[in-house]
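Please treat every number below as a calculation from the coordinates, not as lab data. The structure presented is a predicted model; accordingly, all values stated were derived computationally and were not measured. No Cβ is skipped: glycine too gets one built from the backbone with ideal geometry, and neighbour counts run over all protein chains shown.
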Amino acid sequence: MSGPVLVPILGDQLTRTLASLRGRTKDNTVILMMEVWDEATYVRHHKQKIVLIFSAMRHFAAELRDAGWTVDYVRLTDADNSGSFTGEVARAVERHDPSAIHVVEAGEWRVQQQIEEWAGRFDCTVEILEDDRFLCSIGNFRKWAEDRDTLRMENFYREMRRKTGLLMDGGKPVGDAWNFDHDNRESPREDMDPPERPKFEPDEITRDCIELVEDKFGDHFGSLESFRWPVTRDQAEKAADAFFAERLTKFGPYQDAMVHGQDDLYHSMLSTSLNLGLLDPLELCERAAKAYADGEAPINSVEGFIRQIIGWREYVRGFYWYHMPHLERANALNAQRGLPEFYWTGETDMRCMADCVRSTRDNAHAHHIQRLMVLGNFALLAGVDPREVQDWYLVVYADAYEWVELPNVAAMILYADGGKLASKPYAASGNYINKMSDYCRKCTYSVSKKTGEGACPFNALYWHFMDRHRERLKNNHRVARVYQNWDRMKEERQREYLKSAEAFLDTLTPADRGWARSE
Ligand code: FAD
Ligand code: DLZ
Ligand code: SF4
């Protein structure tokens, strides 16, 4: 067989050093890139997410062609587009009669199932290569996990520090501690003035994608007006340069801070580029470590940034593959409530929720603590069905792929896995939000009021949650003190909390499922 090797590159594999391209010669390789209806609609993605992926794919294809590669690029609107990855590979096999297909494993379980059928379906060899853009392979995570009764990110992270040598001084962590989290919880200050991140004006390719998305997906959630994401490696590097020069030093202390209307604060805003493959995780971490070594950034910021990437990012990816496919259906707390409508409309008097939904709609982004302690915390306390919450997070964020979204949603915020990832639910009352943000000062609700008319809903919902899950949580030593406090309350006070929470829950209108998935 003398046909070329067909190399399908998926929308989140936009890396020049991808395993399937390394070592290949240009004269016997055809790269296949596919815009397909199935991927664009398996959930009704935020409009910015579709523009970002299509524009980044088109730019990447143009760069590969400029570098001399043969790229067969299928556009969404091409007349014979079959609408699926497998259908498009089948058509490409007809066109090119390849001797082999070399493809890098998919980020998502759903897509990997399709790829694994190709060997039985096509009359050529199919090689599925490991995605070595991640520092810990799926197999190595499994080996690490199988040896343990409980999986904890902190233990995994320490192994990753040793493996990469990042912030290590021989066998010891630099600064004599693995974790500087206690320095990373500063409340926001009124005079905080974070520099604006670089924003990239849409060029002709992006403008075409915007037009396409308005035309085909105009009724999807989100605004396109503020689309300024990096869509090439060059732009992503500029975004990274600006983060290291202007925001890394304050990244640590203000990592958990929230300010009304200030959407980026000192966050890197690099997740979309990392997840598309435009930036390399190890390179970013090495750069951060160098900034510390050169005295340009403090240890708490640098360690915090590195932990998010070689710790959390790698950990949730390993966790996802270790627990799929059942993670998708996990519902340990038997949460059944429909997702409240205000997750889509932002129409609520809860100022924290309204601001987080607004940022999500305008930017296809919200930062970590907004996703965790506001939007996520509410869903946990209110007992929203994990499947509905999962769909929402997968739709609304430009950086959302199931391998990273699902563990964060099902396991981190909703405790739907029964505690495999988190040692206790991340449940919090209004106090936490008040400490870490300026939201409460101008809220219609009063954060200091615990029950009744005008009280912050998070306060009563918190106790309602703890009370209704007592059987499951009572033996968890990390929440024992919470139950001691509850038991010290007079019964009448407890009843007031429960009544207040129930009255609030009765006011919630569930959203139409059609916002997230076309049934
Ligand atoms: P920074 O705050 O600057 O952090 C640096 C990098 O660390 C991020 O770019 C990201 O790559 C990584 N990181 C940080 N926290 C996590 C984490 N918990 N899991 C994995 N990587 C992490 N991140 C996604 O990339 N896609 C998602 O779909 C996604 N869904 C989330 C859902 C929930 C409920 C929660 C709580 C978190 C989710 N995250 C997700 C993690 C995190 O919120 C985003 O990575 C982060 O907000 C992206 O902004 P940033 O690049 O400015 O991050
Ligand atoms: C998210 C997405 C969208 C909206 N569209 C496409 C597409 O048309 N073609 C493509 O290759 N990838 C797309 N993606 C990203 C894929 O869903 C992503 O590659 C999978 O999540 C990988 O498992
Ligand atoms: Fe949110 Fe409660 Fe604060 Fe209002 S008072 S912003 S609802 S935490």
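Using 7 Å Cα-to-Cβ label points, what is the D169/Q494 separation (nm, one decimal)? If labels sit at D169 and Q494, their model points lie 5.1 nm apart.
Each peptide in 351-357, 306-312 gets a packing score, the mean of other Cβ atoms within 10 Å over its residues, and the list from highest to lowest is 351-357, 306-312. Comparing S301, A40, P457 along the charge dipole axis of the chain, the residue lying farthest to the positive side is P457, per the Cβ-charge model. Considering only L21, T77, L64, the residue lying farthest towards the positive end of the dipole of the range 5-129 is L64, judged by Cα position with unit charges set on Cβ. By the rule of a C-alpha distance below 23 Å, with chain neighbours fewer than 8 residues away ignored, the lysines paired with K172 are K163, K290.
For a straight C-alpha distance cut-off of 20 angstrom, the lysines reachable from K420 (same-chain residues fewer than eight places away being disregarded) are K143, K474. Could you tell me which chymotrypsin sites (Phe, Trp or Tyr not before Pro) in the range 125-233 are loop residues by DSSP with no more than 11 other beta carbons within 10 angstrom of their beta carbon? Qualifying residues, ordered by number: none. The alpha carbon centroids of the range 1-56 and the range 153-214 are separated by 26 Å.
If each residue of separation counts as 0.36 nm, what is the full-extension length gain between T509 and H182 once their alpha-carbon separation is subtracted?
Values: separation 327, 0.36 × 327 = 117.72 nm, distance 3.87 nm.
Computed gain between T509 and H182 is 113.9 nm.
The GluC sites (Glu not before Pro) of the range 378-483 that DSSP puts in a loop, and whose beta carbon has at most 13 other beta carbons within 10 Å, are E453. For the listed peptides 485-491, 6-12, a ranking on the average number of other beta carbons within 10 Å per residue, highest first, reads 6-12, 485-491.
Where the only charges are on Cβ atoms (+1 Lys, Arg; -1 Asp, Glu), what is the dipole of the chain about its Cα centre, to the nearest 20 debye? Please report the intermediate quantities before stating the final value.
Numbers: 67 positive and 84 negative charges, 417 e Å.
My answer is approximately 2000 debye.
Would you please put 185-197, 375-387 in order of how densely packed they are, using the mean number of other Cβ atoms within 10 angstrom per residue and starting with the highest? Please list the in-between numbers first.
Details: 185-197: 12.5, 375-387: 23.0.
Listed from highest to lowest mean packing, they are 375-387, 185-197.
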